[in-house]
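One structure below.
The values are calculated or read from the model by the stated rules, or taken from the named source; none is laboratory data. Treat the numbers as computed from the prediction; the structure is a model and nothing was measured. Heads up, the Cβs are rebuilt from the backbone with ideal geometry, glycines too, and the neighbour counts pull from every protein chain shown.
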Amino acid sequence: MQKLLAALVLGLCASAAHAGPNLNIGTVYDYMDGDKSTYLKRVFNSGDSTAFVRVNIFEITFDAKGNTTETPLDSAGSDASQRKGLVASPARLIIPAQGMQATRLLYMGERERERYYRVRFVPVVPEKEDQFNVSDADRELYKQSMSAGVNIMTGYGAIFFVRPKNTRFDTKIQDGPTEYRVANAGNSTIVLDEFKDCSVKNESDCQATQKHHLRPGMSFAFTKEAGRVYRFNLVEGSSSKEVEVKK
């Protein structure tokens, strides 16, 4: 590992200027089904320098008004077997330029209700306390190479849903004369994906496409207007069906 890292860093130093790492985390919404306890998340680096990435996890909770609170979880501290909630293994990634690495998200603890997390992938310049397996010499070489060019270190975050063990979907539809309402009476989030509001006569006359997540107990409604058609995919876990609504 040390020899490989040294070669990567020396290759960086040979370049007079570079854009730095450029991360791509794929989908920004990920879901762990009720019968699963692990999820493989791949992270790509399309930049021209090695990315040292720290994985940070925050649990998202909602109050009665829907306001959110994010609580940081320790993914790299104590023994993983002693932690509860969502854990990233590994929580530190070294991704070469034009390469890919993966971290496995593991959930440990009870699953009687759905839980929500924000998983952030943050590129950093490695320090001793970051727990990357990097020698002092290689660390300094990397710092020098990064300071040689103009670098924008941008982190990315994904929202992660952990479904309850006994997942139950129960979607209620109310199609009234002027209003269409979708309510989630189950115990896990449903998605109204690629929601489109378009003119019947002119298919290019559309509002911006949207995605709506309905947590348990939530509902979504829209007013049906004459001359407009509404289309979306109703996603319940691995099941998806197309829906079209007109007045």
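Got a number for residues in segment 186-198 being in contact with an Asp or Glu (Cβ under 9 Å, 6 or more places away or on another chain) and surrounded by fewer than 14 Cβ atoms within 10 Å (Cβ to Cβ)?
The number of residues fulfilling the criteria is 0.
Taking the residues in segment 185-210 that are assigned to a strand (DSSP E or B) and without any contact (Cβ under 8 Å) to a residue 24 or more places away in the chain as candidates, determine which candidate is nearest to R113 (Cα to Cα).
The extreme case among them is Q210.
Condition first: of a type outside the set (A, V, I, L, M), in contact (Cβ under 8 Å) with a residue 60 or more places away in the chain and not in a loop (DSSP other than H, G, I, E, B). Now tell me which residues in segment 216-237 satisfy that.
E236
Can you tell me which residue is modelled with the lowest pLDDT among those in segment 107-140 that are more than 14 Å from the chain's Cα centre (by Cα) and among the hydroxyl-bearing types (S, T, Y)?
If we take residues in segment 107-140 being more than 14 Å from the chain's Cα centre (by Cα) and among the hydroxyl-bearing types (S, T, Y), then S135 is modelled with the lowest pLDDT.
Run down R54, R104, R42 and say which single residue is at pLDDT 90 or above and buried (at least 19 other Cβ atoms within 10 Å of the Cβ).
R54
Restricting to segment 98-120, count the residues that are under 11 Å from F44 (Cα atoms) and touching a strand residue (DSSP E or B) at 6+ places or on another chain (Cβ under 6 Å).
So the answer is 4.
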